[in-house]
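S.K.: Dumping the structure here so I can ask a few things about it.
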Protein chains: 4
Amino acid sequence: MSSSWGNKLKLSIFGESHGPGIGAVLDGLPAGEHIDMDELLAFTARRAPGKDLTSTPRREQDLPRFLSGILEDTTCGTPVCILIENTDTRSGDYQRTAALARPGHADFTGYFRYQGYGDIRGGGHFSGRLTAPLVAAGGIAKQILSRYGVEVGAHLCAAGEIQDDPFDPVNLKKEELLLPGSRPFPVLSEERGRQMRDEIERARLCCDSLGGVVECAVLGLPPGLGDPMFGGIENRLSSILFGIPAMKGVEFGEGFGSARLRGSQNNDPFYMDGEWVRTRTNRHGGILGGISSGMPILFRCAMKPTPSIGQEQQTVDYIQKKDATLLIKGRHDPCLAVRAVPCVEAASALAILDLLLESGVL
Amino acid sequence: MSSSWGNKLKLSIFGESHGPGIGAVLDGLPAGEHIDMDELLAFTARRAPGKDLTSTPRREQDLPRFLSGILEDTTCGTPVCILIENTDTRSGDYQRTAALARPGHADFTGYFRYQGYGDIRGGGHFSGRLTAPLVAAGGIAKQILSRYGVEVGAHLCAAGEIQDDPFDPVNLKKEELLLPGSRPFPVLSEERGRQMRDEIERARLCCDSLGGVVECAVLGLPPGLGDPMFGGIENRLSSILFGIPAMKGVEFGEGFGSARLRGSQNNDPFYMDGEWVRTRTNRHGGILGGISSGMPILFRCAMKPTPSIGQEQQTVDYIQKKDATLLIKGRHDPCLAVRAVPCVEAASALAILDLLLESGVL
Amino acid sequence: MSSSWGNKLKLSIFGESHGPGIGAVLDGLPAGEHIDMDELLAFTARRAPGKDLTSTPRREQDLPRFLSGILEDTTCGTPVCILIENTDTRSGDYQRTAALARPGHADFTGYFRYQGYGDIRGGGHFSGRLTAPLVAAGGIAKQILSRYGVEVGAHLCAAGEIQDDPFDPVNLKKEELLLPGSRPFPVLSEERGRQMRDEIERARLCCDSLGGVVECAVLGLPPGLGDPMFGGIENRLSSILFGIPAMKGVEFGEGFGSARLRGSQNNDPFYMDGEWVRTRTNRHGGILGGISSGMPILFRCAMKPTPSIGQEQQTVDYIQKKDATLLIKGRHDPCLAVRAVPCVEAASALAILDLLLESGVL
Amino acid sequence: MSSSWGNKLKLSIFGESHGPGIGAVLDGLPAGEHIDMDELLAFTARRAPGKDLTSTPRREQDLPRFLSGILEDTTCGTPVCILIENTDTRSGDYQRTAALARPGHADFTGYFRYQGYGDIRGGGHFSGRLTAPLVAAGGIAKQILSRYGVEVGAHLCAAGEIQDDPFDPVNLKKEELLLPGSRPFPVLSEERGRQMRDEIERARLCCDSLGGVVECAVLGLPPGLGDPMFGGIENRLSSILFGIPAMKGVEFGEGFGSARLRGSQNNDPFYMDGEWVRTRTNRHGGILGGISSGMPILFRCAMKPTPSIGQEQQTVDYIQKKDATLLIKGRHDPCLAVRAVPCVEAASALAILDLLLESGVL
C-alpha cells in the first residue's frame, strides 16, 4: 500500500511538490491501444490550474512526458512512465511556514509519519499537484474504456450549498455524462454553474474557501462485473478515490439518503426492457452485492474546502512545540472540488479498467 | 481481490448461507496474544440474530470453532481458521424465489457474475450470514488492539430519521466509546434508542424495513500512522467496510457535511495540550493526508434498509426473462443497521490492526 | 505473504499437524467447472502416506471435505474451503523431543519465529501434512486446466544417485507426461523405479533417508503467456514451489546445466513446423523472458532427504540452551521426494491456472 | 505482477532499451536513511558495461537521477523515482533483425505476449539494460541493510566449467563476503578469476558466449525471520531473482546436491556456541522451514550463456512465418554472469530489506 495501487493494473505515483519531478508508473495496460495525445492533454488540462478565478493563478504546465510503454502513440503493454517536470515552483511562498502546522493539511501528520525527514515544501508528497500524474494515467484508462463502450464522466454537483442538477440516474445518456467535462466549469446546469462561481468568488474575496461534491457515473458496464465482499465495485472505487486529497466521503446510489428510507422506498423494482433486465429507479447506483447490475454506476464524493485560506489561523509550531498564529500567503484554489472533477473521473476510470482487465473482459 | 482482504493480515472468508459451513482464515496475527474466549463469544453474540423484535427470529448459533492457529487460548502466529457450521437453515423459504430477482439483493447480479452456477440459496455467498466469520475475526483483532491501548467502538447513530447522540468528536472517552456495545440496543441515548426501536417496529408491522447509520470511532492511535495516497486510513477502512452487505456510503470526520462548509469553518485549529498537539474541533475525523493526527478517528457508515420486505414487489424472472411479482416470505431483520454495528467494529478493528502490524508498531 | 499465495487465485492454507483440522481456502476459481470427485480423491491419494515401504506407515485418511464453493460437484465461483480433519495423530511420538531441535527441521527457527507460542507438535504448521490441502486445491486446478487442454505431470527423476529417464523435452506427449502419475511409484522407467526403491529401502534399513529430484512439465500452454520481470513463469512457479517443505532448488530447462554451456550450445534454434514456431531443442524449458514459447514447460525441483531419521543426532535443547543428543522415534518417509511428486504437480497446476486466469485466457 | 514486485517495499520497473529512459519507483523505504551517493554510484558502476573485454564495449552511462523521495541524500520515506536516460543507443544494430527471432531471446515470446505492439528495439522491456534501475534500487537497500548489520555479497562462482572457491558456508566473514565486489572481476580466488577470464575470452574469440553461476550470501540475519510456506526466504528471494534476465535456476544451501545425499549426510548438527545456537555445517543454507536459522544465508543462481552470439544461427521470421538464418552484429557481453553479480546482490538486498520491514525489525 501507500502510493501504489491496483490489482491487474499497478499504479505507482511518485514525487514531491517542489522536487525535480512528479509522475507515475502504470503497469498492466493492454498492448495495442491507441492513445489520442491531443485528447489526453485536453483531459489533463481540465485539472490544470490557472484557468479562471475559481482556481489558483499558478501556471503549472503539467505537461506529461511518456518515457516508456508507448510507441507511436500506441501502448506497448509494458509499464508506462509518466513524468511531469516541475517548472513553476516558488518555495519562498512556503518555507516561512515550515514548522507551523497548516490546519487541515498533512504537515503535522506527515512530520510524524516520516519523523521529520519528509520533503514538506509545498505539501511535498501530499500536495494536490500529485493528482496531475493520476489524471494523466486515468486519461489513458478513459480512452481505452471508451473504445470498449464504457464511459466515465463527472460533474461538480455541489459547491457549498449550491447544487447542480443531478445526473439522470435511470436514463443517463453518454451526451449528458460527458457534457460537464466539455465545459470550462464542469456542471450540467449553466445557471447553477454561475451561482456556484459567484459563491466561490464570494468565499475567495473573504480570503476563504468552499467545499463541494463531485458526482460521477459510469455507463456501459454490462451486468455481472465485480466481486463479492472486498472485491465489490464500491471497495475498488473507494480504494483509489480516497487517494485524492481532501476526499472526506464516498457514497453509492442513494448513499446516506438510503439510510433514511424504508425498504419499500429504497428497493428498485426490476422489469424487462425487451431482453434486458433493468430497474425503474436506480437508488442502488448500479451495484448490488458489489456487482454491476447494468444500470448506470453512480456515486458522489465529498470534497472538503481548500484548507489553505488567507485568514489568520490558530495553530502550533510542531517542532518548537508552542502555540502560534499562521497567515498563509500562497496562491490557492478557493474551491478544490472544481479541479477534483477530472481527478475523480481519472481515478474511477483506473478502477473500472482494472476491474475489466481482472475480469478478463478486456 | 474478492473474498480475500488485507496487507499484513490476510483475511479469506468462505461459505454459502445454506452450505455445510461458513468461516474465515485469518493469517498474519502476531504470536502469543491471549484470546479471552468468553469475551470473543460475547462479541459475536452482538451480531447474532433473534435477540428481540428488531432482528430476525432465526436462531443461528453462529458459534465459531477455531480449527488452527490458537492453542490454549493463545495465538500461535500461524493462520487461524474459524468455522461456523450451519445448523438452522430452511432452504424451503428461499427456493420458491429461485429465479425471481429479489429487489435490492444480489440474486440477479450474482447470477450473471457466476453464470448461473452460484449457490444462491439464502443469498449464498452474498448472505449477511457471511458477516459472522468477519465478526469472529474482528473480535480477535479488537482484543489485541485493546491490549495495546487502541479501542474500537460503534453505535447506531441513526435509524431512519431518528438520530442518536453523536460520539464526542474531541473528548471521546473509552467509557463512552464502549457503552453502546454493552447494551442490548447499541446507542448512546437510551431515549433515542427507544424511539428508534419504535420506528423499526412500525416499519416491521408494515412488512417494511428501515435504513440506518453506524458511527464508529477508534481511540488510542498515536499521530503519524497511515500512508499517503492509496494507503491512507480512509482507503484502508473503506476497503473492508464496503465488504459489509448493504453498506452504501462511508464518510470521515465531517464527511459530506464538510462539503457545505467554508475552509474557515472546516479547518480544525491546532493547539498545544501540554506536550501534545491537539485540535480544538475534530472535523477532520482524526485523519489528515491519510495519516492519524492523534485525535479520535471518526467515521459514519450508511446502511440501506433491509431489502427483504414482506410486501409484494415488482420484479423479473431473470431466467425465463419475464416480468413477475414477488412476495418474500422468509424472516428478516427489519433494520439490519442494528446488527451491522458489531460488523463495523470488527471490520474496523481488522483494518486498524493491519495498519499497526504493517507500520511495525505491533 | 506467509501461508497465503496467489494473484487472481488466492490460496490460504491453515492448520497444525496435530490440531483439530488442516485445510485451505481457494478463492478466485471460475464458476461452472465440473469437478470429478473420484478423480480428485485419486489424485490426493497419490500424496497420502502408507502405501508401501517407501513411505511412512501412518494411515492418514487425508479425506478432504468441501465446505463451500462447490455445489453438485460444480464450482460456484465463490471460495472453496477444503477441510481435512485430523484422525491419526499420536502426539506421544513427538512430545519427548519438544525442546530438542530436530536437525533439518523448522523446530528451532519456528520457535524463534513465533517466540515459543507455535504449536510444534508433529511439526505444527511446518509439517509435511500441510501439503494435503495444497494437493486437494491443486487437484481442482489440474482438472480445470485439463479441460482447456493444459496438462501438468511430474515424475521422480532422481532418488539419491539413481536417475529416471527424463521427459522428452521436445516431443513430450500427454501419455508420457501422465504415465508416472498413474503408477504406484511415479517414474517413467520401471527398471529405474525398482532401483530407486531398492536404494530407498537400503537407506531405510540404515535408519536413514534419501533425497531426490522431481521433474515436472506443463503441456498445452500457447506461446505468449506470462509477464516480463517479476511476473515470469519462473517467478510464478517458484513462488509456490518453495512452499513445499524440503524444496532446496528449482531450475528451468537446462537450468544449472546451461551455466556450463556456451551460447552456441545452449541456444535453441527456431524453425517453422507448418504454421507453428517451434525449437529443435528445448534447453530454454519452454520459457523465454518469463513468457511461454509454446514448447513444453520443463523444470526440476531438488528435494532434500527426509530430515527425520532413526539415527542418534547431535543437537541442542534450544530452551534450556545446552547441547544434547536426539533419537527420533516416529515413523517417517525414507524419501519424501516420492510423495512430493503430486505436491509439485498440484503447486504447478495452481500457478499455471492463476496465470491463465490473470491473462484472461480462462 | 509483471514489472512490479514486493510486499512492504513496492518496486516498479519501467522502460525500453531504446526508449527515452528507463527507471524504477521504489516505494516503502523507511524515512531518514542516509544514502552515500558515491558508494551508490560505485555499486551501479559494477553493473555498467564497457570495463574490459569480458563485457560489451558500449559506454552506457547508466547514471541514475533521483527525482523524488530523497532530499539532501536522505530518504524522505516517500517513493524514490530513479531515472536513467538513454544516451548511447544505436537502433541500427537491431532493427535489421526486427522480424527474426533471436534464439534464446524474448523477441518471439514478447511478440506474442504483446501482439506485436511491444517496442522490441534492443530487446525493449526485456533488455538486460533494465537491470540498471534494479541495481540502483538494490544499492539503496544494501546501504540500509548494512547500517543494521546485514551484509549482502556475491561472486562469480563458476564461468563455464571453471569454478571459483565457494564462500565459507559456516564461518563466512564480512571481509570475505565483500571482497569479490571490491575487485574488477568479482571472484574470491584471483587465480581462478584469471582462468575464467581466459575461458570467457576464448568464447568471445569464437564469436560465442559462456554461462555461469553466481553465489550469494547474506550475513547478519538473526534467527526467526521469514514466514512459513509461501512466505519463506526462498520464495521471497526467488520471486525477485527470476526477474533477472537469463536466470535459469536458484538453489539454497546444498541445493541440488542435497538431493543426492542421505539424511545423515545432509542434516546439519546443532550445537551451542556460548549463548547462540549454531550448526556445525550449513547445508541448509541458513534457512529451515522458510525461516532464518542465524547461519549465513547461501544460494546459487544459474545464468545461461548470453544468447546474442556472433555466429550464424537458424531461426524463423515470426512475422512472415518462414525459416531464416540470423547473424547478430551488435556488441554483447560474452558472459553476462559477470555483470549479473551486482544484479543478484541488488535483488537479494531488496528481498531481505522487504522481509525486515515486513517483520517489523526495521
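S.K.: Inspect all residues belonging to the stretch B:99-110 and state whether any of them is more than 7 Å from every other protein chain (Cβ to nearest Cβ) and farther than 20 Å from A:Arg278 by Cβ. Please lay out each step first, then the result.
M.R.: Applying the first criterion (more than 7 Å from every other protein chain (Cβ to nearest Cβ)) to the stretch B:99-110 yields B:99-100, B:102, B:107.
If we keep only those that are farther than 20 Å from A:Arg278 by Cβ as well, we get none.
No, every residue in the stretch B:99-110 fails to be more than 7 Å from every other protein chain (Cβ to nearest Cβ) and farther than 20 Å from A:Arg278 by Cβ.
S.K.: Here's a check for you: in the stretch B:115-134, which residue that is assigned to a loop (DSSP other than H, G, I, E, B) and either away from chain C (no Cβ under 11 Å) or not charged (D, E, K, R) (or both) is surrounded by the fewest Cβ atoms within 10 Å (Cβ to Cβ)?
M.R.: First, the residues of the stretch B:115-134 that are assigned to a loop (DSSP other than H, G, I, E, B): B:115-120, B:127.
Add one more test, that the residue is either away from chain C (no Cβ under 11 Å) or not charged (D, E, K, R) (or both), and what stays is B:115-118, B:120, B:127.
On the way: B:Gln115: 12, B:Gly116: 14, B:Tyr117: 20, B:Gly118: 27, B:Ile120: 29, B:Ser127: 24.
Among those that are assigned to a loop (DSSP other than H, G, I, E, B) and either away from chain C (no Cβ under 11 Å) or not charged (D, E, K, R) (or both), it is B:Gln115.
S.K.: Considering only the stretch D:214-224, state which residues are surrounded by 24 or more Cβ atoms within 10 Å (Cβ to Cβ) and either at the interface with chain C (Cβ under 7 Å from one of its Cβ atoms) or in a loop (DSSP other than H, G, I, E, B) (or both).
M.R.: D:Leu221
S.K.: Filter the stretch C:277-326 down to the residues that are crowded, with 24+ Cβ neighbours inside 10 Å, touching a Cys at 6+ places or on another chain (Cβ under 9 Å) and not in a strand (DSSP E or B) and list them by number.
M.R.: C:Pro305, C:Thr306, C:Ile309, listed by residue number.
S.K.: I've got another one for you. Can we say D:Gly360 is out of contact with any Ser or Thr (no Cβ under 7 Å at 6 or more places or on another chain), free of Cβ contacts under 8 Å to residues at least 60 places away in the same chain and either within 8 Å of another protein chain (Cβ to nearest Cβ) or assigned to a strand (DSSP E or B) (or both)? Steps first, answer last, please.
M.R.: Details: out of contact with any Ser or Thr (no Cβ under 7 Å at 6 or more places or on another chain): yes; free of Cβ contacts under 8 Å to residues at least 60 places away in the same chain: yes; either within 8 Å of another protein chain (Cβ to nearest Cβ) or assigned to a strand (DSSP E or B) (or both): yes.
The answer is yes for D:Gly360.
S.K.: Also, quick follow-up: Only one of (1) facing chain C (nearest Cβ under 7 Å); (2) buried (at least 24 other Cβ atoms within 10 Å of the Cβ); (3) in contact with a helix residue (DSSP H, G or I) (Cβ under 6 Å, 6 or more places away or on another chain) fails for D:Arg262. Which number is that?
M.R.: Going through (1) facing chain C (nearest Cβ under 7 Å); (2) buried (at least 24 other Cβ atoms within 10 Å of the Cβ); (3) in contact with a helix residue (DSSP H, G or I) (Cβ under 6 Å, 6 or more places away or on another chain) one by one, D:Arg262 breaks only (2).
S.K.: For the stretch B:2-29, enumerate the residues that are hydroxyl-bearing (Ser, Thr, Tyr) and on the phi > 0 side of the Ramachandran plot. If you could, list the steps in order and put the result at the bottom.
M.R.: First, the residues of the stretch B:2-29 that are hydroxyl-bearing (Ser, Thr, Tyr): B:2-4, B:12, B:17.
Answer for the stretch B:2-29, where residues must be hydroxyl-bearing (Ser, Thr, Tyr) and on the phi > 0 side of the Ramachandran plot: just B:Ser2.
S.K.: Then there's this: Among the listed residues B:Asp273, B:Asp268, identify the single one that is farther than 24 Å from B:Ala137 by Cα and more than 7 Å from chain A (Cβ to nearest Cβ). Even if it seems obvious, please write down each step before you answer.
M.R.: Working: B:Asp268 fails: more than 7 Å from chain A (Cβ to nearest Cβ).
When all the criteria are applied, what remains is B:Asp273.
S.K.: Now for a different question. If you take the residues of the stretch B:161-216 that are in contact (Cβ under 8 Å) with a residue 60 or more places away in the chain and of a type in the set (Val, Ile, Thr), which of them is nearest to B:Cys343 (Cα to Cα)?
M.R.: Among residues in the stretch B:161-216 that are in contact (Cβ under 8 Å) with a residue 60 or more places away in the chain and of a type in the set (Val, Ile, Thr), the one nearest to B:Cys343 (Cα to Cα) is B:Val214.
S.K.: Collect the residues in the stretch D:265-276 that are part of a loop (DSSP other than H, G, I, E, B) and either surrounded by 22 or more Cβ atoms within 10 Å (Cβ to Cβ) or among the hydroxyl-bearing types (Ser, Thr, Tyr) (or both), keeping them in residue-number order. Give the steps one after another, and end with the answer.
M.R.: Taking the stretch D:265-276 as the starting set, the residues that turn out to be part of a loop (DSSP other than H, G, I, E, B) are D:267-269, D:274-275.
The answer is D:Asn267, D:Asp268.
S.K.: Working only within the stretch B:7-34, note down all residues that are more than 7 Å from chain C (Cβ to nearest Cβ), surrounded by fewer than 24 Cβ atoms within 10 Å (Cβ to Cβ) and among the small types (Gly, Ala, Ser).
M.R.: The answer is B:Ser17, and nothing else.
S.K.: Here is a further query. Return yes when C:Thr87 is modelled with pLDDT of 95 or more and either more than 14 Å from chain D (Cβ to nearest Cβ) or more than 24 Å from D:Gly290 (Cα to Cα) (or both) and no when it is not.
M.R.: Numbers: modelled with pLDDT of 95 or more: no; either more than 14 Å from chain D (Cβ to nearest Cβ) or more than 24 Å from D:Gly290 (Cα to Cα) (or both): yes.
Taking the combined requirement at face value, the residue does not satisfy it.
S.K.: Residue pairs, Cβ under 8 Å, 6 or more apart or interchain, first in the stretch D:290-305 and in contact (Cβ under 8 Å) with a residue 12 or more places away in the chain, second among the hydroxyl-bearing types (Ser, Thr, Tyr) and part of a loop (DSSP other than H, G, I, E, B). List them.
M.R.: Short answer, once both residue conditions are applied: D:Pro305/D:Ser209.
S.K.: Of all residues in the stretch A:156-184 being of a type outside the set (A, V, I, L, M, F, W, C) and not in a loop (DSSP other than H, G, I, E, B), which is surrounded by the most Cβ atoms within 10 Å (Cβ to Cβ)?
M.R.: First pass over the stretch A:156-184, keeping only residues of a type outside the set (A, V, I, L, M, F, W, C): A:160-161, A:163-166, A:168-169, A:171, A:173-176, A:180-184.
Still in the list and also not in a loop (DSSP other than H, G, I, E, B): A:163, A:174-176, A:180-182.
Working: A:Gln163: 18, A:Lys174: 13, A:Glu175: 9, A:Glu176: 17, A:Pro180: 24, A:Gly181: 18, A:Ser182: 11.
Residue satisfying both the conditions and the ranking: A:Pro180.
S.K.: Could you go through the stretch A:251-260 and let me know if any residue there is within 16 Å of the chain's Cα centre (by Cα) and either modelled with pLDDT of 95 or more or in a helix (DSSP H, G or I) (or both). Quick ask: steps written out before the conclusion?
M.R.: So the first thing to find is which residues in the stretch A:251-260 are within 16 Å of the chain's Cα centre (by Cα), and the list is A:251-252.
Now restrict to residues that are either modelled with pLDDT of 95 or more or in a helix (DSSP H, G or I) (or both): A:251-252.
Taking every residue of the stretch A:251-260 in turn, at least one turns out to be within 16 Å of the chain's Cα centre (by Cα) and either modelled with pLDDT of 95 or more or in a helix (DSSP H, G or I) (or both).
S.K.: For the stretch B:187-209, state whether one or more residues are closer than 26 Å to A:Asn235 by Cα, touching a helix residue (DSSP H, G or I) at 6+ places or on another chain (Cβ under 9 Å), at pLDDT 95 or above and of a type in the set (Gly, Ala, Ser).
M.R.: Taking the stretch B:187-209 first, the residues closer than 26 Å to A:Asn235 by Cα are B:209.
Narrowing further to those that are touching a helix residue (DSSP H, G or I) at 6+ places or on another chain (Cβ under 9 Å): B:209.
From the residues that got through so far, the ones that are at pLDDT 95 or above too are B:209.
After this cut, where a residue has to be of a type in the set (Gly, Ala, Ser) as well, the list is B:209.
The answer is yes, given that some residue of the stretch B:187-209 is closer than 26 Å to A:Asn235 by Cα, touching a helix residue (DSSP H, G or I) at 6+ places or on another chain (Cβ under 9 Å), at pLDDT 95 or above and of a type in the set (Gly, Ala, Ser).
S.K.: Okay, moving on. Return yes when C:Val187 is among the hydrophobic types (A, V, I, L, M, F, W, C), in a loop (DSSP other than H, G, I, E, B) and either crowded, with 21+ Cβ neighbours inside 10 Å or facing chain D (nearest Cβ under 10 Å) (or both) and no when it is not. Reasoning before the result, please.
M.R.: Numbers: among the hydrophobic types (A, V, I, L, M, F, W, C): yes; in a loop (DSSP other than H, G, I, E, B): yes; either crowded, with 21+ Cβ neighbours inside 10 Å or facing chain D (nearest Cβ under 10 Å) (or both): yes.
Yes, satisfied.
S.K.: Something else about it: Quickly run through the stretch D:303-345 and pick out the residues that are among the charged types (D, E, K, R) and at the interface with chain C (Cβ under 7 Å from one of its Cβ atoms). Lay out the reasoning, then the answer.
M.R.: The first filter runs over the stretch D:303-345 and keeps only residues among the charged types (D, E, K, R), leaving D:304, D:312, D:317, D:321-323, D:329, D:331, D:333, D:339, D:345.
Once the filter is applied, which keeps residues that are among the charged types (D, E, K, R) and at the interface with chain C (Cβ under 7 Å from one of its Cβ atoms), the stretch D:303-345 yields D:Lys304, D:Lys321, D:Lys322, D:Asp323.
S.K.: Related question: Which one of the conditions (1) more than 30 Å from B:Arg280 (Cβ to Cβ); (2) in contact with a Lys or Arg (Cβ under 9 Å, 6 or more places away or on another chain); (3) surrounded by 19 or more Cβ atoms within 10 Å (Cβ to Cβ) does A:Val80 fail to meet, given that it meets all the rest?
M.R.: A:Val80 satisfies all of (1) more than 30 Å from B:Arg280 (Cβ to Cβ); (2) in contact with a Lys or Arg (Cβ under 9 Å, 6 or more places away or on another chain); (3) surrounded by 19 or more Cβ atoms within 10 Å (Cβ to Cβ) except (2).
S.K.: Kindly evaluate A:Glu234 against the criterion of being closer than 30 Å to B:Ala246 by Cα and in a helix (DSSP H, G or I). Working first, answer last.
M.R.: Working: closer than 30 Å to B:Ala246 by Cα: yes; in a helix (DSSP H, G or I): yes.
Spelling it out, A:Glu234 is indeed closer than 30 Å to B:Ala246 by Cα and in a helix (DSSP H, G or I).
S.K.: If you don't mind, there's one more thing I want to ask. Taking D:Ile352 and the conditions (1) at the interface with another protein chain (Cβ under 8 Å from one of its Cβ atoms); (2) buried (at least 24 other Cβ atoms within 10 Å of the Cβ), which numbered condition does it fall short on, given that it satisfies the others?
M.R.: Looking at each condition in turn, D:Ile352 falls short on (1).
The values are calculated or read from the model by the stated rules, or taken from the named source; none is laboratory data. These numbers come from a predicted model, not from an experiment. All Cβ positions, glycine included, derive from the backbone under ideal geometry; neighbour counts span all protein chains shown.
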